[in-house]
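Computed from the coordinates by the stated procedures, all read-outs in this text should not be read as laboratory data. The shown structure was predicted, so the numbers you read here are calculated from the model rather than taken from an experiment. Here the Cβ positions follow ideal geometry from the backbone for every residue, glycine too, while neighbour counts run over all protein chains shown.
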Amino acid sequence: MRVYVVIPKKYSRFIDEELALVKTLYSDRDIVGYSVVKSQPRKAYLSSRRIEELKKLEFDKLIVMDRLKPSQLVNLAREIRRDVVDRVLLILEVFAAHAGSREALLQIELAKLKYTLPLVKEAIRYAKLGELHGFLGAGRYGYEKYYLMLKKKEARLRREAENLRLIRDVQRRARRDLGLPHVIIVGYTCAGKTSLFNAITNLSLPVGPEPFTTLTPKAYRVNYRDVSFILVDTVGFIRDVPPEIIEAFYATLEEVAEADLIINVVDASKPIYSVLYEIATGSEILRKIGAHGKPVIYALNKIDKVSPSTPVLEEVVKYIGSSDAVIPVSCTKGININVLLERVRLELSKKGFLNEENIRFKIWSQA
Ligand SMILES: Nc1nc2c(ncn2[C@@H]2O[C@H](COP(=O)(O)OP(=O)(O)OP(=O)(O)O)[C@@H](O)[C@H]2O)c(=O)[nH]1
Ligand SMILES: [Mg+2]
């Protein structure tokens, strides 16, 4: 499958990251080229000149790294006579390829259905005119039958997802009943969340340079000096996460809303504007999933890759307005992990979570 990638100008500073997303599914050899385009509200998203250019190129699928309206997507597919996916569909495909659990897969399938149903509806209008062949995989069915089939599938998946959610709820409640505080690791994809989780727990969960290595939150009990807590690894954030994905998928991040402490892992080896951008948008996502007002520790990770003359720490401290909760670390080299743990201990002790106090509290409450 040869693909061609179109990147909107708004992402021109992040071309490598946008291409990295594509490369999680397609090898360098499959990607025949890419171009940066101005995004304007056109009928088929691209200008007719651009479409003519693309028609001459040899590839099977066009990947547009922007969010397209259903009509734009369908129009573009008609015009260039090839399959088209937009950034949302691509992210959903990446998620599906990495889903580590039945529940993750279900959530992704549901999000995908929610996104594709309007597309299929749009396609029905054209399919009647015989202009779309096999777009979105509908070839063998005809779009109307395909639509009904998808609707049924959606209902079935929804029931299954609900059952699994109930099971997870029970597990989470059982964990909470232990009375241990929850420390949740969040951050952009590839920031090193799982590497930090591994460094603290001595486990070896999969880590990797490609986005979305982790799709199922993992929890583990940690004992450090006089504190014990549950450490949770989570799904990474990504720039412009479409609402469907936040809604359907980050729902598995309910953990975050119940956290006692949040560790926000940031890849400090990125350019400073990216670092600050990720801190700002990360806070916004946390707010959206109901985690505002919780204490946050910022782990500036990968400092082994940062030259000492780069003022990333200073800039972050200036941005956040306090130096207490910003800790430069390297998870793979094991630098400052103890400093971070001390900070975790301090924050938990402020909330009365030292083991001693736990015990005292229990005796007191029994009296
Ligand atoms: N140089 C360097 N690389 C690191 C460090 N921490 C993590 N990495 C690398 O960064 C990449 C991403 O690490 P992960 O721990 O998988 O990142 P993640 O945030 O869990 O990513 P997702 O699960 O995909 O969202 C891997 O290739 C790691 O080896 C670090 O301190 N220094
Ligand atoms: Mg991970």
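Below is a table of values for the structure above.
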| quantity | calculated |
| --- | --- |
| Mean separation of Cα contacts under 8 Å (6+ apart) over length of the range 42-87, as relative contact order % | 50 |
| Nearest 10 degrees, 0 to 90: helix 87-98 Cα axis against the chain principal axis | 60 |
| Helix-only CD estimate at 222 nm, as mean residue ellipticity for the chain, using -39500 (n - 2.57) per DSSP H run (n ≥ 4) | -15000 deg cm²/dmol |
| Sites LYS218 and ALA20 - FRET efficiency at Förster radius 30 Å, r taken between beta-carbons, to 0.05 | 0.80 |
| LYS61/VAL339 FRET efficiency (R0 45 Å; Cβ-Cβ; nearest 0.05) | 0.45 |
| Residue among ILE184, ILE320, ILE230 with the largest mean-square fluctuation in a Gaussian network model of the chain, springs linking Cα atoms under 10 Å | ILE320 |
| Proximal lysines relative to LYS56, as straight alpha-carbon distance under 21 Å, when same-chain residues fewer than 8 apart are discounted | LYS38, LYS43 |
| Counting all C-alpha pairs of the range 1-127, share separated by more than 23 Å (%) | 32 |
| Gaussian network model of the chain, Cα within-10 Å springs - most flexible of LEU341, LEU117, LEU178 | LEU178 |
| Mean Cα-pair separation over length for the chain, i.e. relative contact order, pairs under 8 Å, 6 or more apart, % | 13 |
| Antiparallel %, DSSP beta bridges [both residues in the chain], to 5 | 20 |
| Whichever lysines have a C-alpha closer than 16 Å to that of LYS351, once near sequence neighbours (fewer than 8 apart) are set aside | LYS294, LYS362 |
| Residue (of ILE63, PRO311, SER204) at the positive-pole extreme of the chain, dipole from beta-carbon charges | ILE63 |
| Length-normalised contact order for the range 147-248 - Cα pairs under 8 Å, 6+ apart - percent | 27 |
| GLU52/ASN163 FRET efficiency (R0 51 Å; Cβ-Cβ; nearest 0.05) | 0.50 |
| With Cα atoms, 0 to 90° folded angle of helix 70-80 axis to the chain main axis | 50 |
| Degrees separating the helix 102-127 axis from the principal Cα axis of the chain, which is the longest one | 20 |
| For the chain, built as a Gaussian network whose Cα springs stay under 10 Å, the top-fluctuating residue of VAL186, VAL306, VAL265 | VAL306 |
| Hull shadow area, averaged, the chain [alpha-carbon convex hull, nm²] | 20.5 |
| Charge dipole magnitude, Cβ of K and R +1, D and E -1 - the range 1-98, Cα centre, debye nearest 20 | 520 |
| Given LYS114/LYS288; LYS288/LYS318; LYS61/LYS193; LYS61/LYS121, the pairs whose alpha carbons are separated by over 27 Å | LYS61/LYS193 |
